[in-house]
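S.K.: After the structure tokens below, expect a handful of questions from me.
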Amino acid sequence: MKRRTGRRLSVALIGSALALLAAAPAVAGPPATTASDASITVGRLVLEPTERGYRGSLPITVTNEGDTTTYFTVRITEPVRGTIADLVPSNACTYGYTADLRRIFDCGVPGPNLVPGEQRSFQMTFQVLTTPRSYPMVAEGGLVTVTPSGQPVADQSSFTTLFRSTSGSLRKPRPYVQDTRADAGLTTPGQVTLTRQADGSFLGRMPVTVRYGGDAGHDRLMIEAVTLPAGMRFQGTDPQDMPSFPTWVEVPGGQFMPGEVRSFDILFDVPAGTPLGPIGTATVLLSTHWAYGAVADVDPADNTVSFTVTTVEAS
């Protein structure tokens, strides 16, 4: 556990840290009426192997060393992309990204404002969706800072992330290196049939299978239209857990584990007045997303599929 230093960061270092968070404004709180100070103590983050990657909690303690009751913000930088699982139990959180696209969360310290001399402890939960290994691993780069309301950053503490081996060992850990490119693939039947509905429109569903290899950080996978026959739209997925749009849907189920395979249906429709029979060919693209855009894929060839579309009368 880090020894409390209580030292102030230099103005130059504060400016550098804030530059990384241009996309994430600091959490606002009640203004401090007098100068205030704080210290932060951070424990060790040990991730335990589970049935779905690794999971563990980071203990954090904030101390109000000032002379006034004050609102405090903690800023947590995750060690690798997509590792922060559960936010500090507070409704006041925003986030941005570092230059290498790790997330940085600003969260208000839970509970009421801290009185002078008060300490408050809480935990941040982390999860890494990678296959548990038979050997321990380590990742550097985690950082926590504390800021009194209306004041500069008061204290900081880096933390090391340890991944326990499947046999329980933490000795002689190897560096954990997260994939930087996705390895996703999409398969579909070669055709979809849309059946006339009571209002004259046509509706159909097509089973699809998405697989995900590797452990590149991501927050969602999307299937979007490259080309569709005239009037054809995405109606959603079955099951569905996120909103869909006429030209794209989100793969249900959230983030993937390496090697995970997920099957579901995509729903399509075309309007009344569409002729019966073959109406053209559709092409769709599977893409992996993180932060500000798509993640490059190791094999783009299996991300795009085409299929014919046919309309029929209801039987």
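S.K.: Compare 271, 148, 59 in a GNM of the chain, Cα atoms joined below 10 Å, and give the one with the largest fluctuation.
M.R.: Its mean-square fluctuation being the largest, the pick is 271.
S.K.: Okay, moving on. Taking a quarter of the surface of the Cα convex hull of the range 183-312, what do you get in nm²?
M.R.: Values: hull surface 30.2 nm².
Value for the range 183-312: 7.6 nm².
S.K.: Counting other beta carbons within 10 Å of each residue's own, what order do 62, 210, 226 fall into, fewest first?
M.R.: On the way: 62 25, 210 22, 226 12.
Fewest-to-most Cβ neighbours within 10 Å comes out as 226, 210, 62.
S.K.: Which label belongs to the value computed from this structure, given these candidates for volume of the Cα convex hull per residue in Å³: (i) 161; (ii) 219; (iii) 125?
M.R.: Label (i) holds the value from this structure.
S.K.: What are the semi-axes of the equivalent ellipsoid of the range 254-315, taken as the square roots of 5 times the eigenvalues of the Cα gyration tensor, listed largest first and rounded to whole Å? Write down the numbers at each step before the final one.
M.R.: Values: eigenvalues 201, 38, 28 Å².
Each semi-axis is the square root of five times an eigenvalue, giving 32, 14, 12 Å.
S.K.: Sticking with this one: How much length would be gained if the chain were fully extended between residue 285 and residue 240, taking 0.36 nm per residue of separation minus their Cα-Cα distance, in nm to one decimal?
M.R.: This chain segment gains 14.4 nm when fully extended.
S.K.: In what sequence do 176, 54 fall when counting other Cβ within 10 Å, fewest first?
M.R.: 176, 54
S.K.: Taking neighbour Cβ counts within 10 Å as the exposure measure, how do 289, 218 sort from fewest upward?
M.R.: 289, 218
S.K.: Work out the charge dipole of the chain with +1 on the Cβ of Lys and Arg and -1 on the Cβ of Asp and Glu about the Cα centre, then indicate which of 178, 110, 134 is farthest towards its positive end.
M.R.: Most positive-ward Cα: 134.
S.K.: Once phi is turned into θ = phi - 60°, what whole-Hz ³J(HN,Hα) does the Karplus curve with 6.51, -1.76 and 1.60 give for every residue of the range 81-87, x standing for Gly and Pro?
M.R.: 4, x, 9, 6, 9, 10, 6
S.K.: Mind checking which of 147, 193, 97 is farthest towards the positive end of the chain's charge dipole, using Cβ charges of +1 (Lys, Arg) and -1 (Asp, Glu) about the Cα centre?
M.R.: About the Cα centre, the residue reaching furthest to the positive side is 147.
S.K.: Ignoring GluC sites (Glu not before Pro) that are buried or in helix or strand per DSSP, and keeping those with at most 12 other beta carbon atoms within 10 Å, what is the longest stretch of the chain between them? Walk me through the numbers before you get to the answer.
M.R.: Working: sites that count: 51, 313.
My reading of the result: 52-312 is the longest stretch.
S.K.: How far, in nm, would the chain grow between residue 230 and residue 134 when pulled straight, counting 0.36 nm per residue and subtracting the alpha carbon separation?
M.R.: Details: separation 96, 0.36 × 96 = 34.56 nm, distance 5.30 nm.
29.3 nm is the gain from fully extending residue 230 to residue 134.
S.K.: Calculate, in nm to one decimal, what residue 193 and residue 119 gain on full extension: separation in residues at 0.36 nm each, minus their alpha carbon distance.
M.R.: 20.3 nm
S.K.: Roughly what % of DSSP beta bridges within the chain run antiparallel, to the nearest 5? List each step's numbers first, then the result.
M.R.: Details: 89 of 100 bridges.
Close to 90 percent.
S.K.: Measuring from a point 7 Å past the Cα of residue 304 along Cα-to-C-beta, which residues in the range 206-225 have an amide N at less than 17 Å?
M.R.: Backbone N within reach: 222-225.
S.K.: Note down the magnitude of the dipole of the chain about its Cα centre, charges +1 on Lys and Arg C-beta and -1 on Asp and Glu C-beta and zero elsewhere, to the nearest 20 debye.
M.R.: Values: 25 positive and 28 negative charges, 238 e Å.
The calculated dipole for the chain is roughly 1140 debye.
Where a number appears in this text, it was derived from the coordinates with a stated rule and is not lab data. Predicted model, so just to flag it, every value in this text is computed and none were measured. Don't worry about glycine lacking a Cβ; one is built from the backbone with ideal geometry, like all the others, and counts go over all protein chains shown.
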